[in-house]
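This report concerns only the one structure given below.
The values are calculated or read from the model by the stated rules, or taken from the named source; none is laboratory data. Treat the numbers as computed from the prediction; the structure is a model and nothing was measured. Positions of Cβ are backbone-derived with ideal geometry, glycine not excepted, and every protein chain shown enters the neighbour counts. Accessible surface is based on the protein model in full, side chains and every heavy atom, while ligands, DNA and RNA are left aside. Shrake-Rupley method; radii C 1.70, N 1.55, O 1.52, S 1.80 Å.
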Amino acid sequence: MELLSAAFVYLCAAVIAVPIANRLGLGSVLGYLIAGVVIGPVIGLVGSETTDVQHFAEFGVVMMLFLVGLELKPAMLWKMRQQLIGLGGLQVVGTTVVLAGFGIAFGLAWQSALALGMILALSSTAIVLQTLNEKGWLKTQGGQSSFSVLLTQDIAVIPMLAVLPLLALGGSHGADSHGDGHGGGHGGEALAALPGWVQMLVILAVIAAIIIAGRHLLRPIFRFIAEARLREIFTATALLLVIGIALLMDFVGLSPALGTFLAGVVLSDSDYRHELEADIEPFKGLLLGLFFLTVGAGIDFNLLFGAPLVIVGLALGLMAVKFAVLFGLGMLFKLQGADRWLFALGLAQAGEFAFVLFGIASGSGVFERDLLQTMTLVVAISMLLTPALFIFYEKVVAPRAVASSDREPDAIDSRGRVVVAGMGRYGQIVSRMLMTSGYDVVILDHDPQTIENLHRIGIRTFYGDATRPDLLHGTGLDDADVFIAAVDDREKQTLMVEHVAKTYPKVKILARARDRHHVYELENAGAHYAEREVFEGALSLGRQALVELGRHPYRARSKAQEFRHHDLAMLDDLRTNYNDGGVDKSYIDAMRAHSETMFEIMRADRGEERHERTERGWNPPPKGDATL
């Protein structure tokens, strides 16, 4: 019953705190950490079992690396080799050297300083990847660079596990390490009596076995399990795979996270990849949440309150040093603006592997007990502060990144009848259509990577923030006929349209709108025509869906035309019911009436559906006519 009681407390804390944290914009990680602090040090609902629970919850990191591996194909890893070896390798080595130097300067023996530098060089894979995924930043250049460094750090854990016992003070090699919860947690004892070259052969054989089995053995096994059509058995098989590989890697003394990551990469092009992700994801999420809860619950407030300035100062100092190293590497590897800040702020903390490596180092006699307790608390506080750094990036750094970019706006030395602001997925299509039709187009965008890619295919794009009045004036709007507003940011788009309408009244403004309400906002701001960005594409896809459902292509085309006609009529009619404050009862009533009419129109010929496959009943469109 004690286990059930503890589980009840942890789950209650998560269910209450995490939704509130998300609602406040703090993110789930900070919600878990705060909940852990409340149920642990604050009100004492959990206590001595926290460390044991944390060891169990660390398996969430293993599962997360497996899921990350499923998203990466070997070709992608090869493509990332420069970042893995260069950026990631320099981060680990550079941070280790700098932190070890500080340790020696503060009077630590060089062995302890080097061990501390290695351990603190690692960042929190769990917190960073969870937050990057949650915020949608993983695909950015800063997110990809962060992922590369985290992956290198996980690989670097392997040599660290081998080196730490060699740094034992006074020649101790950890005879008592088996008694430590972490010290015995990483296996390798079975190979300890073998010569070094034999150990290496066994390790290589295990890695080769994982790769070969993943390529040739696991797929038929998954196919056999899937044919049973028992979802719970497939889930059990997925868990068996992850746990089995983790145990195998632990047996030979390697990182379980690295082993499961390798298995994920091998299975990344498997037919069962998505089902594996769906089955593992809930367990990963719960275990990671539990891990963050235990980090918060494990903070020793007695030690913290005994020397608060020292502990907090060490945590902030650690994060400042890592931030400086990471920011410098970001400049060296040409990360721009917000990406560099995301990279440096996101990885500035110490990581969850520190708790594991501290245990091994302690069992080997590398650290004194007092130093170990202090640094464990420093690591926990740095992790606790990390969500605040992400909030700082999101609320302060990212919005100002474009305005404070190191790159100066380009000098616009050409003129055209058309000016396009924004070269995202929308602006590119409009620009290409106009240029291929023979019109001179001046294009302005603020994303350096987009500009570079467009230059490679021969589309000249000028760098600059299109919402700045001086840059808009430099595009030659005084002499232009048409202005295409295609900026991603909804509010900036509206303000830009309003400025152009007031300053350049002769220019026709055509604007990209997010939705129906944004159409009205842009029209009120001065746009002559506003088009919803997904309307025509969604209409075309809906027409194809009707064909796939059995409608004749001509009938599907007619239905799409009817829907388009009525939707545009509804757009016009609802304009009078829309106000700047949003929607009111009259708008909702009008919307409901139009929706009912739409249903009647679109269902008018449902009785003819059964004849569509065998009877035409109408003249087909001219041959080759597939237009809407």
Residue in the range 135-149 that is outside any helix (DSSP H, G or I) and open to solvent by less than 10 Å² (accessible area, probe 1.4 Å) present: no
Some residue of the range 230-242 being open to solvent by 20 Å² or more (accessible area, probe 1.4 Å), modelled with pLDDT under 85 and within 14 Å of residue 213 (Cα to Cα): no
Top-ranked residue in the range 427-456 [being of a type in the set (D, E, K, R) and over 19 Å from residue 479 (Cβ atoms); ranked as farthest from the chain's Cα centre (by Cα)]: 432
Odd one out for residue 366, checked against (1) closer than 19 Å to residue 487 by Cα; (2) surrounded by 19 or more Cβ atoms within 10 Å (Cβ to Cβ); (3) modelled with pLDDT under 85: (1)
Residue within the range 193-211 that is at pLDDT below 85, touching a His at 6+ places or on another chain (Cβ under 7 Å) and open to solvent by less than 40 Å² (accessible area, probe 1.4 Å) present: no
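In the range 99-122, how many are of a type in the set (Val, Ile, Thr) and crowded, with 17+ Cβ neighbours inside 10 Å? I'd like the intermediate steps shown before the answer.
Let us first name the residues in the range 99-122 that are of a type in the set (Val, Ile, Thr), namely 104, 119.
Then keep just the ones that are crowded, with 17+ Cβ neighbours inside 10 Å; that gives 119.
Of the residues in that region, 1 qualify.
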Within the range 514-542, tally of residues that are open to solvent by less than 50 Å² (accessible area, probe 1.4 Å) and closer than 16 Å to residue 574 by Cα: 8
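So which residues in the range 233-263 are more than 28 Å from the chain's Cα centre (by Cα) and among the aliphatic types (A, V, I, L, M), if there are any at all?
Matches in the range 233-263: 233, 247, 248, 252.
Counting only residues that are touching a residue at least 40 places away in the same chain (Cβ under 8 Å), give me the helices (runs of 4 or more DSSP H) lying completely in the range 1-114 with at least 3 of them.
Values: elements: 2-23, 28-37, 50-57, 59-70, 74-79, 89-105.
Because the criterion is at least 3 residues that are touching a residue at least 40 places away in the same chain (Cβ under 8 Å), the helices (runs of 4 or more DSSP H) in the range 1-114 that meet it are 2-23, 28-37, 50-57, 59-70, 89-105.
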Test set (1) under 25 Å from residue 587 (Cα atoms); (2) within 34 Å of the chain's Cα centre (by Cα); (3) not acidic (Asp, Glu) - residue 540 fails condition number: (1)
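Show me the strands (runs of 3 or more DSSP E) found entirely inside the range 467-562 where at least 3 residues are closer than 26 Å to residue 441 by Cα and in contact (Cβ under 8 Å) with a residue 24 or more places away in the chain. Even if it seems obvious, please write down each step before you answer.
Numbers: elements: 482-485, 508-513, 529-532.
Where strands (runs of 3 or more DSSP E) fall fully within the range 467-562 and carry at least 3 residues being closer than 26 Å to residue 441 by Cα and in contact (Cβ under 8 Å) with a residue 24 or more places away in the chain, they are 482-485, 508-513.
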Filter result for the condition that a residue is open to solvent by less than 20 Å² (accessible area, probe 1.4 Å), on the phi < 0 side of the Ramachandran plot and at pLDDT below 75, over 61, 18: 61
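Taking the range 194-232 as the search range and keeping residues that are of a type in the set (D, E, K, R) and under 32 Å from the mean Cα position of the chain (by Cα), which one is nearest to residue 249 (Cα to Cα)? Spell out the reasoning first.
Filtering the range 194-232 down to residues of a type in the set (D, E, K, R) leaves 215, 219, 223, 227, 229, 231-232.
Within this subset, residues satisfying the condition of being under 32 Å from the mean Cα position of the chain (by Cα) are 215, 219, 223, 231-232.
On the way: 215: 18, 219: 21, 223: 25, 231: 27, 232: 26 Å.
Checked the range 194-232; the qualifying residue nearest to residue 249 (Cα to Cα) is 215.
Checking the structure you have, find out if any residue of the range 169-180 is modelled with pLDDT under 55, among the hydroxyl-bearing types (Ser, Thr, Tyr) and open to solvent by less than 60 Å² (accessible area, probe 1.4 Å). Full working, then the answer.
Residues of the range 169-180 modelled with pLDDT under 55: 170-180.
Applying the additional criterion that residues be among the hydroxyl-bearing types (Ser, Thr, Tyr) yields 172, 177.
Those still in the list that are open to solvent by less than 60 Å² (accessible area, probe 1.4 Å) too: 172, 177.
Scanning the range 169-180 turns up at least one residue that is modelled with pLDDT under 55, among the hydroxyl-bearing types (Ser, Thr, Tyr) and open to solvent by less than 60 Å² (accessible area, probe 1.4 Å).
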Scope the range 511-540; condition touching a strand residue (DSSP E or B) at 6+ places or on another chain (Cβ under 6 Å) and of a type in the set (Phe, Trp, Tyr); matching residues: 529
Given (1) out of contact with any Ser or Thr (no Cβ under 6 Å at 6 or more places or on another chain); (2) at pLDDT below 80; (3) surrounded by fewer than 16 Cβ atoms within 10 Å (Cβ to Cβ), index of the condition residue 86 fails: (2)
Looking only at the range 307-340, and only at residues there that are open to solvent by 60 Å² or more (accessible area, probe 1.4 Å) and at pLDDT below 85, the one that is farthest from residue 83 (Cα to Cα): 336
